[in-house]
Structure formats: C-alpha cells, structure tokens
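Please read the structure below before turning to the comments.
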Amino acid sequence: MALRMKLAQPTRQHQPTRPAWHVALFCWLALYWPAAEADQHNLEYRVKAAFLYNFTRFVEWPPNAYASADAPLEICIIGNDPFGRQLDQTVEGKSSNGHPLTIRRIRQSSDADSCKLLFISTSEQPRARDVIYALRGKPVLTVGDNSDFISHGAIVSFLLVDGKVRFTINQGAAEQARLTISSKLLGVAHSVVREPLQ
Amino acid sequence: MILHRFYHSSISEKLMISVVATSGMAVLLASIAFVGYQWNSTRSSIAQNLDSTMSIIGFNSTAAISFNDALAAEQTLSALRAQPQINLACIYTALDADRTVYFSGYRRDANYAPCPIQPKGDKLLLMSSLLTRLKPISLHTDVIGFLYVERALDDFWRSILGYLLAIIVAMLGSFFIAIGMGRFMQNFISRPILNLASTTQEVSESKDFSIRVAKGSDDEIGRLIDNFNDMLAQIGNREQALQEARAELEVRVSETDKANAELKTTLERLRHTQEQLVQTEKMASLGGLVAGIAHEINTPIGVGVTAASTLMTKTASVSEDYDAKSLTDSGLRRYIELASQSAQIILSNLNRASELIQSFKQVAVDQSSSERRRFQVKPYLHEIMLSLRPNLKKTPLHVEIECDDRLEINSYPGALAQIITNLVMNSLIHAYEPNQEGTIRITVEQRGNKVHLRYSDDGKGMPPDHVTRVFDPFFTTKRGTGGSGLGMHIVFNLVNQQLGGTVTLQSEVGKGTQVDLVIPAGEERKDENH
C-alpha cells in the first residue's frame, strides 16, 4: 500500500492527479479487499519490469557482446516468470542503441549464452549460484529477484526498502562480466558491493 | 523656442552648446548601445548558464527518475545550493506527452513559493525580477521528465544599475570635458571672430581704413581675416582716390567759377558795348535825318533866295530907271508884277520850309526822346515818310499807307518812327536793286485794344537761315558796306521792351518780306503814364 502511494502519488499535498479521498479509498481497498495482496504483487513486478528496462539504459555491454549491429538485446527470465505480461508490455517496441529489446524465457543456464540480461526468479534460488557461475566472464547482466542473490554473486539484486523496490549492485561481478555500469545507476543503488566471483 | 534662443545666442555660446550637445549625444548613444549590448549579452549568458546547470542537473537526475528515487533526485538538486540565484528547482516525471507529475523539489528556504503544479517556463527575459525555465530531461531519446527552475534576477538588475551609474558618471565627465573643450576651442574659433567683429565696428566708427585685423590661424577664419584686410585696403585706396578726385573737382569748380565770372564780366562789357552801339546807331540815323532835313529845306530856301535875288536885281534896275527918269509905265508895271510874283514865290517857299521844319522837328524830338504821348497814326506815318524822302527820292519805289484817318494811339512815337525808319532803310538797302521798281506797303488797323501794323515790301526776300537770325544783334549780310547788323535788333528790342508788343517776320526768296507788329493801343495805360 505504501509502495503504491510512493509510485503513483507524489508526497506534495497540492498534487491534484488523484484527489485525497480517492487515495483513502484505495488504501482501504488495499487493506481489506481479498484481492489486495495480488494487486500488490502485480505492482511490485510492474516496477521491477520497468527497472529491468531501465537497467539496459544505464549499462553498457562490450562491443563484441552482440553478433551484429542490429542483433536483439535479449532479456531472459529463468525460473517461474513473476511478471506475466508486464515485462513484455514494458519493453514492447523499445530498443537500446539500435538493438531491439526481446523477452525470452529459459529453463537452464546453458540457454543463456545470447542473453544480455538474465532475470533469476526466486524459484531458481536454490541453484542460483550454479547459474551465476556458469555465466561468469560472459557479458550477461544477472539480476536476482531478492536480496538473497547478493550473496550468490548476482550483479544486481532487488530488495524492498520500506516497501519500495531498490537494488544493490555488485561492481566486482559486473567488471568480471565486462559490463560498464553508469555512475548514475550506482548513485541510485541502495548499496554497491565489490565482491568478485570466486 | 529653443531654436529661436539658439539663433540669438553668441557664437561662443553656440560653440559651447554644439560641443556639449555633440559629446552628450555621442556618450548617450554609446551608452545606449553599451547598455543594450550588455543587457542582451548578460541576459543570454544568464540563460545559457542556467541552461547548462539545468542540463547537468537533468542529466544527473535521469537514474533517480528512472529508478523512482526521489531522495537521490533531491540530493542532486541540493547541489544548486552553490548557486545562490536559484530559488527553486523542481523535477517532474513525464507520464506522457502532456501530463507531468511532481517528483522531487528543492527550495532555497521556506520564504519561496513551493513547486507549481503545472510548471511553465519563460520564453523571454525582459523586465521581470524572476527568470523561470522549464527543460525536458532526456534519457537517450526518451523524455523521462522535466526540470523547472526559478532564478532570481537581482544580480542582473544590479549589473544594469551599475552600468547606468557608470554611464551617468561618464556623461557628467564628458559634459565637463566638453565644456573645457568648448572653452579651449573658443581660442581658435569664436575669439578670432569676435576680434574681427570688434575691429569691423571700430573701422566703421572711426572710418580709419588703415586698421588691420591680426591673423591667428591659417584656417577658414584666417582666410576670412585676410580677405577682410584686403577689403579694408581696397576701401582705403578707394577712399583716397575719392578724396583726390574731390580735391581735383573743387579746383576745377573754382576755375570754372572764375571763368564764369570772367565770362559774366565780358558779357556785361559786351552788352554795354552793344548799348553804346545801339545809341550810336540811333545817333547815326538821327544824323541821316538831319541831313535829309537840310536837303529838303534847301530847295524852298533856294527858290526863295533866287526869287529874292531876282527881285533885288529888278528893284535895282527899276530904281536906276527911276533916277534916270527913264522908267516907263510899262516897265513899272512889269516890275510890280515881278515883285508881286517874287513875294508870292518867297512866301510860299518859306511857308514850305517852315512846314518842313515843323514836321522834322517833331520827328527829331520824338526820335531823340522816349516820350509817350497820344498821336494820330496816319499823319505820323506820313511825317516819317517825309523824313525819309531824301532816301526814297533816289529810288523808283512807291510807298502806300493804308490806315484809318482817325486812328489814334497812346504810345511812343519816337520808337515807332525808329522802327519804320529801320524797316524802310532795310528794304531800300537789301530788298531792291538800285533803280528797281517796287511798292512798300504799310497797313494799320485796330483790333480791340491792339494795333496790328503790317509792313511789307515786294523785294527779293530772304532765305530761311537769314529769317531765323534776322533779329540777332550784329547779324548782317553787308558788313563791309556799312551795315551794322543792329537795325532789326533795335526793331525787336523797341517792339518788345518799349512798346510792349510782339514782332514777327516772314520772308521767302523772291516773294518779298513781311513784318507784323502787334502793339497795345495804349488806351488803358493812359492813366498810368500821364
């Protein structure tokens, strides 16, 4: 509920996009309506989908990462897909430096060779370390769905801070993957660690 | 009004006004240009600085906006604290092309108004105290948000005010410098002109053309002074020439006066001589008259003497005869008859002589005197003709007198006698050849109180140039043979002056000469004179 308010409603009292009573009604619904929890989940992954798209804009892949100049920038999802249609809708028609964004859902890390960004779902947490290590040295931005992935060596790991979606960055892992992460991205990260994969 | 005042001001004032106005205008124009340029450049540099600051802030905010990190955005915005002119900065996320939503904000302090709901940026910076700008925040090609900034312009206005103060100082400075320059320029322009003007006045008052104006410079004023000096020199020369000409003229005038005086004396002498001549002529004609009279009287006297001597001879013869007693009766009778006849002859001739003397006496008295009297015209004309008989007798000329017997006038008979005598003598001398037959006609008639006397002859007449000069003194065609040239002049003078009448002469060659006299009959003047 608080997250929703942060996203959709500016803190300034004079913002008129939604009147106060509307917000109050929404809060009440979020608290007492049985479907409120599902909505919260949807909202979280809508934000995460947007974040995934935004990561592509603050991260530079090495020039040889692409097979050709117009090769697609593949965003791969391994494990259970928590986004539904959210991510597809977010990246639809988008491109990064001439590379059109595509979504591919994979089963195992061996399928992840052409991926530029690999979202590792919470369901893959038990074998996350294997997946991440299998991709070591390859220009793949690994993104973990929760804060546990920090310890697994994921380059980016989502976490919730006061109900808001934040992320940490493992700069050491990023350097190993020959990815250049914008200082601006580092600036908005919840924390930046330097723990290269062993 | 201002122009009028300028028109009447002195040259130095005009000069001063010109210099001050020119420099003032120059400084003013330069200042306007300077302030305009500064205005524009300061404005654009402020806008440019703000734009670059906003670009940096926007660039640094992209990640915060992308990842919905308002706190990070606020930290980025707080960097603006280093720029004290920026009062307010707000970031809005772009929902779509038209709608924006407030995302994050920065306020210098609580005195400033919070971020507006819908931000709007200024297009131009003019007179406002606040510059507001709205700038899109782009990530790659997408516009992900907007940055709105309010910037105070007090520094801008302070600098403009500073420029204006500097301009006022510059204008005051240039004003004083212009006054100084004007004073300095007066030495070269207005002072020489004033000097020239005062010298002009001095020259015109003193009439001293030897004064010269000192030349100060070699410019137009110097040339003006040179020309003025040249002009003075020329005027001086002309003045001198004029004086000389005037002196010469005075000498000439005095010479002319002297000549005139001499001329007048000469003329006076001439007139005197002329009068003497006229008098002499009168005397001469009187002498002629006396000769005529003597000649005329000689005849009766001679006849009387002859008769008396015959009687005396006969008486002596008769007396002898009586003594001798030889006197016969018939002899005595013849003697008595002879004596009677002789006495008759002597008496008649003496009477004739007496008569002649009587009439001559009258004419002679009249001619020698200028007495005015009443007389009968016809008999008087006959008496005059009688006095002229010695001259006329030698010629075959015939004299006709047509006149009313009773016509009587009150005038100067002597003058009339002189006039007629001169006319007849002229006819005799000039109009007729010796022994030429001719008729001289005198007609007299009274018209009103005027008497018209026409004298005409049928002689050979005169050419026109003689007619026009006939009354001039000393005009004669016979100077060598005794003509004095005064006869007709005397006629003219007598008619005009003594008789108070007019005389005209008409003549043509071959047609004789005609002289018309119009003289007053004199009745009305009787009381005045007698």
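Among the cysteines of chain B, those whose beta-carbon sits 4.7 Å or more from every other cysteine beta-carbon are B:C403. Couplings 3J(HN,Hα) of the stretch B:422-437, computed from phi: 4, 4, 5, 5, 4, 4, 4, 6, 9, 7, 10, 6, x, 6, 7, 7 Hz, in residue order, whole Hz [Karplus 6.51 cos²θ - 1.76 cosθ + 1.60, θ = phi - 60°; x for Gly and Pro]. For B:R158 and B:K120, what is the calculated FRET efficiency with R₀ set at 30 Å and r taken between the beta-carbons, to the nearest 0.05? Working from the Cβ atoms, E equals 0.70. Close amide H pairs (under 5 Å, H built 1.01 Å from N) link A:I106 with A:I77, A:I78, A:G79, residues at least 5 positions away or on another chain. Among the residues of B:490-503, the average count of other protein chain beta-carbon atoms within 10 Å of the residue beta-carbon is 0.
In order along the stretch B:458-467, the Karplus-derived 3J(HN,Hα) couplings, from 6.51 cos²θ - 1.76 cosθ + 1.60 at θ = phi - 60°, round to 10, x, 8, x, 10, x, x, 5, 6, 4 Hz, and Gly and Pro are given as x. Taking square-rooted eigenvalues a ≥ b ≥ c of the alpha carbon gyration tensor, is the stretch A:53-198 rounded, prolate or oblate, where a/c under 1.5 means rounded and, failing that, a/b exceeding b/c means prolate? Rounded, because the longest to shortest axis ratio a/c is under 1.5.
Peptides B:14-27, A:110-123, B:407-420 ranked from most to least packed, by the mean per-residue count of other Cβ atoms within 10 Å: B:407-420, A:110-123, B:14-27. Taking the C-alpha atoms only, the angle from helix B:190-206 to the longest principal axis of chain B is near 20 degrees. Close amide H pairs (under 5 Å, H built 1.01 Å from N) link B:K450 with B:A521, residues at least 5 positions away or on another chain.
Coupling constants for the stretch B:306-315 follow from the phi torsions by the Karplus curve (6.51 cos²θ - 1.76 cosθ + 1.60, θ = phi - 60°), and in residue order they are 4, 4, 5, 5, 4, 4, 5, 4, 4, 4 Hz; glycine and proline get x.
Looking at the square roots a ≥ b ≥ c of the eigenvalues of the Cα gyration tensor of the protein assembly as shown, which shape do they give, rounded for a/c under 1.5, prolate if a/b is larger than b/c, or oblate? Let's see the in-between values first.
Numbers: a/c = 7.69, a/b = 6.10, b/c = 1.26.
Prolate shape, in that a/c is at least 1.5 and a/b is the bigger ratio.
Take each residue in A:182-189, count the other chain C-beta atoms within 10 Å of its C-beta, and the mean is 6. Between rounded, prolate and oblate, where does chain B land on the alpha carbon gyration tensor, with a ≥ b ≥ c its root eigenvalues, rounded for a/c under 1.5, else prolate if a/b exceeds b/c? It comes out prolate by the Cα gyration axes. Under the simplified labelling scheme, the A:R136-B:A26 pair shows an inter-label distance of 8.5 nm, with each label point 7 Å from Cα along Cα→Cβ.
Each reported figure results from applying straightforward, stated rules to the coordinates on display, with no laboratory input. On a predicted model such as this, the values are computed, not experimentally measured, just so you know. Here the Cβ is made from the backbone with ideal geometry for all residues, glycine too, and neighbour counts use every protein chain on show.
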